[in-house]
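Student: Below is one structure. I have some questions about it.
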Amino acid sequence: MSAGKRSPLVSGRTRHGPRATIDTVVRRANTSVLHAVGGLVRNAPFPALIHLYGLIPLAVVAALIALAPTVPHDFWWHLRVGRLVSETGVPRTNMFAWTVPPDQPFVYAAWLSDWLFYQMYLLCGLQGPVLARNILGTLAFALVLLEAWRRSGSWRLAGLAVFLAGMMTINNLTTRPQNWAWAPFMAYAIILGAYATKQVGWRALLALPPLMVFWVNAHGSFVLGLALLALYGIGEGTRALLRQPDAPDFRRLAALAAAALATLAATLVNPIGVDIFAYVVKLLTDPPSQGLVNEWQPPTVRSLAGQAFFLATLLLIAALALGRRRLNLTDTLLLCAFLWLAWSGMRYVVWFGMLAMPMLAQCLARPAPRVAAQRGDLFAAIMALALILGIGALQPPFKSSLNLPDSYRGLFADVPGAPLIYSADTPVGAAAYLRDHPGGRLFNDMAYGSYLIWALPAPQVFVDTRVELYPLALWEDYLALGEARAYRTLIEQYGIDRALLSRSRQAPLVAALAADPSWVIEYEDRYSILYRRVGER
């Protein structure tokens, strides 16, 4: 090597030796840190990008639940019953209406839901029950998501299933005891579905009786759990007799039968024992409930939930005909039974959506879905966190501080301590006036009766949403009064001297009393108006 030339290596060491060593160490350290962080992210229990196909629709449904106002119809009297359960035990009689005897028997089948709502009220005020509704609804649709993924192996299809099921529930998101039944229903669907496909063993069936003990005391829909067990038993038993592929053997059928018997026995763990079934039968055959209440009527395209139901049913029919996978005998039996149920009444559409939409995902999935390894992704984790924070911001303690449109804020009543929660037609002002000016025999709008039961110290309403409590003849008179048909005769017949009316639902009677000189206005606001007969207190 000549004296006038230097090797690059020698030159580097001479001019940059220590610095080059430091830079190399730093570069290697940074690379190691990045690899380590990347490895932690990939191996951490973070969601993968593919999971966002399911998480985003779930977040949309959770947001719709949180944004939905709680209407007065079926909430407030349940909250009052929850207080009674806490203080004196489960009531057994009418208690709140003056048009039927105070000792007339009435079954408060949802006493446990009422008690739980009241405990949330004691814990968080009037925000508490609605917060419980939001959590329960999100949990139920998270189970729908998991069931759809279990059946399809696709997070995209699972997200579609959650979205469609959520749209079918859009008119059923108010705060009511049914909220406590959604998760048990989905738990039954998941456990029985996984057992039928041999993904779980007989031990999973042990969860069914304890779940039923809760369900039977929380809501009358507990019979759907028994229906699921019966349909799975019939379907799987038939498959075994026909020796179809993957049909259960005798031991699995025997375990299913034992679980069904234990679950049936668990239904007796309630305050009225076997009479709980008589209550369900009475409710399902009660003429006023079946004939006069909208949610007991068949679904129509006039509502968003009805439109979603018909659209989902058409998609399901197309998927059954053209889909890549077919339902087995048991699933077909379940689908037909719950479709018939949903077709008979709008209140059943929620159950059909939760059960059937995972089946739709299954029909659309590949015959043998490939389940690739899914590593955690930092972007997906950030997105999931943003979704969680967004849903959290919509919860009762925080929603009122958001910059929400005035049109949305106008949907709510000014309930002290509970802004942007209860619908604007909640008669808060009218009830406050009645509390300060008691007396008289009150005729009231049915929906208002529920809030009056909660808000007045000694509530005595004409009717409320305990529809099966009142005879059909009374409901016919109620409707005739609201329509101002022979209203003077009916007012005299019942001895009515005050009337709290809904301006929209009872407009004919509002107009008739306004023109009748024997009635004067005591109180009025945007939604309600209170009349008093002249000379009466």
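The values are calculated or read from the model by the stated rules, or taken from the named source; none is laboratory data. Bear in mind the structure is a predicted one, so any value in this text is a computation, not a measurement. Reconstructed Cβ throughout: ideal geometry from the backbone, glycine too, with neighbour counts over all protein chains shown.
Student: Quick one: would you say residue 203 is in contact with a Phe, Trp or Tyr (Cβ under 9 Å, 6 or more places away or on another chain), in a helix (DSSP H, G or I), basic (Lys, Arg) and surrounded by fewer than 19 Cβ atoms within 10 Å (Cβ to Cβ)?
Tutor: Numbers: in contact with a Phe, Trp or Tyr (Cβ under 9 Å, 6 or more places away or on another chain): no; in a helix (DSSP H, G or I): yes; basic (Lys, Arg): yes; surrounded by fewer than 19 Cβ atoms within 10 Å (Cβ to Cβ): yes.
When the stated conditions are applied, residue 203 does not pass them.
Student: Another question about this same structure. Can you name the residue in region 401-419 that is part of a loop (DSSP other than H, G, I, E, B) and either touching a Lys or Arg at 6+ places or on another chain (Cβ under 9 Å) or among the acidic types (Asp, Glu) (or both) and, of all such residues, is surrounded by the fewest Cβ atoms within 10 Å (Cβ to Cβ)?
Tutor: The extreme case among them is 414.
Student: Regarding residue 347, is this residue touching a Lys or Arg at 6+ places or on another chain (Cβ under 9 Å) and of a type in the set (Lys, Arg)?
Tutor: no
Student: While we're on this one: Give region 497-515 a look and list any residue that's surrounded by fewer than 20 Cβ atoms within 10 Å (Cβ to Cβ), in contact with a helix residue (DSSP H, G or I) (Cβ under 8 Å, 6 or more places away or on another chain) and among the hydrophobic types (A, V, I, L, M, F, W, C), or say none.
Tutor: Of everything in region 497-515, just one residue is surrounded by fewer than 20 Cβ atoms within 10 Å (Cβ to Cβ), in contact with a helix residue (DSSP H, G or I) (Cβ under 8 Å, 6 or more places away or on another chain) and among the hydrophobic types (A, V, I, L, M, F, W, C), namely 512.
Student: Before we move on, is residue 381 within 20 Å of residue 62 (Cα to Cα), modelled with pLDDT under 95 and of a type outside the set (Lys, Arg)?
Tutor: Details: within 20 Å of residue 62 (Cα to Cα): yes; modelled with pLDDT under 95: yes; of a type outside the set (Lys, Arg): yes.
Here the answer is yes, as residue 381 does meet what is asked.
Student: Please go through region 332-345 and give me each residue that is crowded, with 23+ Cβ neighbours inside 10 Å and within 17 Å of the chain's Cα centre (by Cα), ordered by number.
Tutor: Within region 332-345, just 342 meets the criteria.
Student: State all residues of region 320-330 that are part of a helix (DSSP H, G or I) and either at pLDDT below 95 or closer than 16 Å to residue 144 by Cα (or both); if no residue qualifies, say none.
Tutor: 320, 321, 322 - these are the residues of region 320-330 that are part of a helix (DSSP H, G or I) and either at pLDDT below 95 or closer than 16 Å to residue 144 by Cα (or both).
Student: If you don't mind, another one. For region 456-479, how many residues are farther than 20 Å from residue 109 by Cα and crowded, with 20+ Cβ neighbours inside 10 Å?
Tutor: Taking region 456-479 and keeping what is farther than 20 Å from residue 109 by Cα, we get 456-462, 472-479.
Checking the rest, the ones that are also crowded, with 20+ Cβ neighbours inside 10 Å come to 459, 461-462, 477-478.
Final tally of qualifying residues: 5.
Student: List the strands (runs of 3 or more DSSP E) inside region 421-537, counting only whole elements, that have at least 3 residues being at positive phi.
Tutor: Numbers: elements: 442-444, 498-502, 519-524, 528-533.
Correct list: empty, since no element meets the threshold.
Student: Hey, another quick one. Find the residue count for region 155-181, including only residues that are of a type in the set (A, V, I, L, M, F, W, C), more than 29 Å from residue 49 (Cβ to Cβ) and in a helix (DSSP H, G or I).
Tutor: Qualifying residue count, region 155-181: 2.
Student: Search region 80-125 for residues being polar (S, T, N, Q) and more than 16 Å from residue 453 (Cα to Cα), and hand back the single one that is surrounded by the most Cβ atoms within 10 Å (Cβ to Cβ).
Tutor: 113
Student: Give region 168-181 a look and list any residue that's crowded, with 22+ Cβ neighbours inside 10 Å and not polar (S, T, N, Q), or say none.
Tutor: 168, 173, 176, 177, 180, 181
Student: Also, quick follow-up: With the checklist (1) modelled with pLDDT under 95; (2) in contact with a Ser or Thr (Cβ under 9 Å, 6 or more places away or on another chain); (3) of a type in the set (A, V, I, L, M) in hand, flag the one item residue 368 doesn't pass.
Tutor: Here residue 368 clears every test but (2).
Student: Report, by residue number, each residue of region 243-287 that is closer than 19 Å to residue 93 by Cα and either surrounded by 12 or more Cβ atoms within 10 Å (Cβ to Cβ) or acidic (Asp, Glu) (or both).
Tutor: The answer is 270, 271, 272, 275, 276, 277, 279, 280, 282, 283, 286.
Student: Still on this structure, I have one more. Using beta carbons and a limit of 6 Å, which pairs, at least six apart or on different chains, have the first residue in region 344-360 and more than 23 Å from residue 329 (Cβ to Cβ) and the second one not in a helix (DSSP H, G or I)?
Tutor: Pairs found: 346/299; 349/299; 350/169; 350/172.
Student: If you go through region 137-154 one residue at a time, do you hit one that is more than 26 Å from residue 342 (Cα to Cα) and either part of a helix (DSSP H, G or I) or of a type outside the set (A, V, I, L, M, F, W, C) (or both)?
Tutor: yes
Student: OK, next. Can you tell me which residue within region 271-298, out of those that are of a type in the set (Gly, Ala, Ser) and part of a helix (DSSP H, G or I), is modelled with the highest pLDDT? Break it down into steps so the answer makes sense when it comes.
Tutor: First pass over region 271-298, keeping only residues of a type in the set (Gly, Ala, Ser): 273, 278, 289, 291.
After this cut, where a residue has to be part of a helix (DSSP H, G or I) as well, the list is 278, 289, 291.
Values: 278: 96, 289: 88, 291: 87.
Within region 271-298, the match that is modelled with the highest pLDDT is 278.
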